[in-house]
Structures are given as C-alpha cells and as structure tokens.
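Structure first, commentary second.
Please treat every number below as a calculation from the coordinates, not as lab data. The structure displayed is predicted, hence computed values, not measured ones. Here the Cβ positions follow ideal geometry from the backbone for every residue, glycine too, while neighbour counts run over all protein chains shown.
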Amino acid sequence: MAIILSISLAGSLCCGFFAVTEALADEVSETEEELTQTQQKLAQSQSQIEDIKDQINSLKSSLDEYEDDVEGVNAQLENIEAQIENKNAEIVLVQSQIDALEESKSKQYDTMKTRVKYSYENGIESYLQLLLESRNLSELLNRAEYIVAVRQYDERIMDEYNESNACSTT
C-alpha cells in the first residue's frame, strides 16, 4: 500500500507539475509574444525617429540655404543703398554746378545787355568820334587798338554767353 500511495502521490505531483509547467509555458509563450510585439513597436519607433531626424536635417539644410540667400540679398541691398547715396551726392554736386552756371549766365546776360545798350545808344558814331578827336597818329593808333580790344571783348562775352546758353539747353 505504501507503494500505491507513493505512486499515487508521485502521479499527483507529476500531474500538478505538468499542469504548472503547462501554465508556465503558456505564460512564457505570451511573454515572448509580447516581447516580440514590443520589439517590433520599438523598431517602428526607432524608424520613425530616424525619419524625423532626417526631416530635421533637411529642414536645417534648407534653413541654412535661406539664411545664405537672405545674407546675399542684404549685401545687395547695402550695395544699392551705397550707390543711391553716391548718386544723391552726385546730384547735389551737379545741382550746385547748375546753380553756379545759371548765376554766371545771369551775370553774362546782364553784362551783355549793358554792352548792347551802350553800343546801341552810342553806336559807331562814338567810335568814329573817338578816332577823329585824336591829336596825332600815335593817339589814333592807341584809340584804334582800344576799339579793337573793346570789340574783341564784346565778341568774347557774346560767344561765352551763347556757349553757356547752348550748354544749359542740352
């Protein structure tokens, strides 16, 4: 009987052991399946992280290109602003030259007007009278030289006036 009892006890223990083993095997199998799923999710997450890192690097590269473009445009803008300042300075200089030429033209016009008025009022008769009133040949020649010098001066003033008038109209 003791043998039967031992066998029955051994059989009970074996059945219990097999039942526990089977339950543990099921639990291990479930845990392994969960581990496999978790590893797959981890691999997917790492893949997504790598994709996001690639996108970040691409965006950084694009940002660097845009910053370079902005720097280039800023440099061009500074260059254009410097050119504008230079042109404005040139405009001021040219305007002062124009003002000076207009003032000179006005003075020449006034001088010319005075000379024409004098010549018109006194005419050739004053030159003839000046020559005829000479007391000797030396005085006559001096007065003739004076008349020639005055006529050359009048012509020079008239030429300068006409030249400045031609420059101001072009």
Could you compute how fast region 18-118 diffuses translationally, taking Rh as the Kirkwood radius over C-alpha pairs and applying Stokes-Einstein at 4 °C with viscosity 1.567 mPa s? Give it in µm² per second.
57
Treating only the Cα positions of region 102-170 as identical point scatterers, give the base-10 log of I(q)/I(0) from the Debye formula at each q in 0.17, 0.24, 0.29 Å⁻¹.
-0.69, -1.01, -1.22
How much length, in nm to one decimal, is gained on full extension between LEU35 and ASN122, taken as 0.36 nm per residue of separation minus their Cα-Cα distance?
18.6 nm
Check the straight Cα-Cα distances from LYS53 and name the lysines below 30 Å, setting aside those fewer than 8 residues away within the same chain.
LYS41
Subtracting the Cα-Cα distance of ILE49 and THR111 from 0.36 nm times their residue separation yields 13.2 nm
Spin-label pair LEU42/ASP64, simplified geometry with 7 Å Cα→Cβ offset, distance in nm
3.3
To the nearest Å, what is the center-to-center distance of region 95-143 and region 33-67, using C-alpha atoms only?
97
All lysines inside 28 Å of LYS113 as judged from Cα atoms, apart from same-chain residues fewer than 8 positions distant
LYS105
Distance in nm between label sites at TYR153 and LEU101, each 7 Å beyond Cα in the beta-carbon direction?
2.7
